[in-house]
Amino acid sequence: MKNLLLTFVLLFGFNVFGQNVTLDKAHAQLQFYAKHLTISNVEGKFTNFDVHLTGLDKGDLSKAKFHVVADINSINTGIDARDNHLKSADFFDAEKFGKLEFTSTSVKKEKGNNYKLAGNLTLHGVTKPVTLTLVSNGSVVNPMNKTNTHGFTVKGTINRADFGLGANFPEAVVGNEITIVSNLEFTENK
C-alpha cells in the first residue's frame with residue numbers, strides 16, 4: 001500500500017502540489033543592459049537558455065522554484081566583434097565558464113502582482129545571492145492551442161565586479177551595474 005501511495009504521489013505530484021509547466025521558448029527572452037561610457041546603454045541577450053519552473057500554484061507563488069541556465073556562447077549584442085570580446089577571458093571567459101545559472105531560494109509576495117525572487121546566481125565561476133523583482137503578468141488560455149499560459153517578467157540589477165567580469169575595464173567604460181530583464185511564458189502540460 002505504501003508503494004502504491006508513493007507511486008501516486010510521484011506520478012501526479014505536480015498536479016497536486018503545483019502546475020507542471022514548460023517554457024515557451026518562442027515567447028521568452030533573457031536580456032541585459034550595460035552602460036557604455038556612462039552616457040548610453042548597450043543591450044544584449046542570451047539566445048540559448050532554459051527556465052524550469054516547478055511548484056507553480058496560481059494562488060500562491062511562494063512555493064514556486066525557478067532554475068535558469070544560459071549558454072554564455074549564445075550572447076548576442078548585435079555586433080559580432082563585441083560578442084566575441086564578451087566571450088573572451090576579458091569578460092565572461094566562455095571557454096572556461098560556459099554557462100550562467102540561477103537557482104531560486106525563495107519567492108515572497110510584495111504588493112499586487114509583484115514578488116521578490118531571491119536566489120543564487122553563478123556567473124564566471126562565482127556564486128552570489130541576488131534578489132530580483134518577479135512580476136506575475138497573469139494567466140490566460142491560449143486560443144491557438146487551448147492550453148493555460150502563465151506570463152512573468154523578472155527584473156533586477158547585478159554588479160559585474162562582484163562576479164569578476166571585465167575586471168580590467170573601469171566603470172567609466174563599462175558600467176558596473178548590469179540590468180537584467182527576462183520576459184517568460186510557460187504553458188501547462190496536458
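Just so it is clear, none of the values below were taken in a lab; they were calculated from the coordinates. Note that this is a predicted model, so its numbers are computed, not measured. Methodologically, a virtual Cβ is constructed for each residue, glycine included, from the backbone with ideal geometry; neighbour enumeration extends over all protein chains shown.
Packing-wise, with mean Cβ within 10 Å as the measure, how do 174-184, 139-149 rank, highest first?
Final packing ranking: 174-184, 139-149.
Calculated from DSSP H runs of 4 or more alone, at -39500 (n - 2.57) each and per residue, what is the 222 nm mean residue ellipticity of the chain, nearest 500?
Mean residue ellipticity at 222 nm (helix-derived): -4000 deg cm²/dmol.
Hey, in the GNM for the chain with a 10 angstrom Cα cutoff, which one of F169, F152, F102 fluctuates hardest?
Sorting by GNM fluctuation, first place goes to F169.
Could you give the dipole magnitude of the chain about its Cα centre, charging the beta-carbon of Lys and Arg +1 and that of Asp and Glu -1, in debye to the nearest 20?
660
Which residue, A28, A161, A118, has the most motion in a Gaussian network model of the chain that connects Cα atoms within less than 10 Å?
Among A28, A161, A118, the largest GNM mean-square fluctuation belongs to A161.
I need to check one value: relative contact order of the chain, counting alpha carbon pairs closer than 8 Å and at least 6 residues apart, in percent.
It rounds to 24 percent for the chain.
Restricting to DSSP loop positions (anything but H, G, I, E, B) with no more than 15 other Cβ atoms inside 10 Å of their own Cβ, which trypsin sites (Lys or Arg not before Pro) remain in region 24-133?
Passing sites in region 24-133 are K58, K96, K111.
If you line up the long axis of helix 2-17 against the longest principal axis of the chain, both from Cα atoms, how many degrees apart are they, to the nearest 10?
60
If I compute semi-axes √(5λ) of the Cα gyration tensor in Å from the structure I just sent, which labelled value in [x] 45, 16, 15; [y] 27, 25, 20; [z] 34, 17, 16 lines up?
Identified label for the calculated read-out: [z].
Among S40, S106, S136, which one moves the most in a GNM of the chain with springs linking Cα atoms closer than 10 Å?
Residue with maximal mean-square fluctuation among S40, S106, S136: S40.
Using 19 Å as the Cα-Cα cut-off, could you pick out the over-long pairs in K25/K109; K128/K155; K25/K146; K155/K190?
Result: K25/K109; K155/K190 exceed 19 Å.
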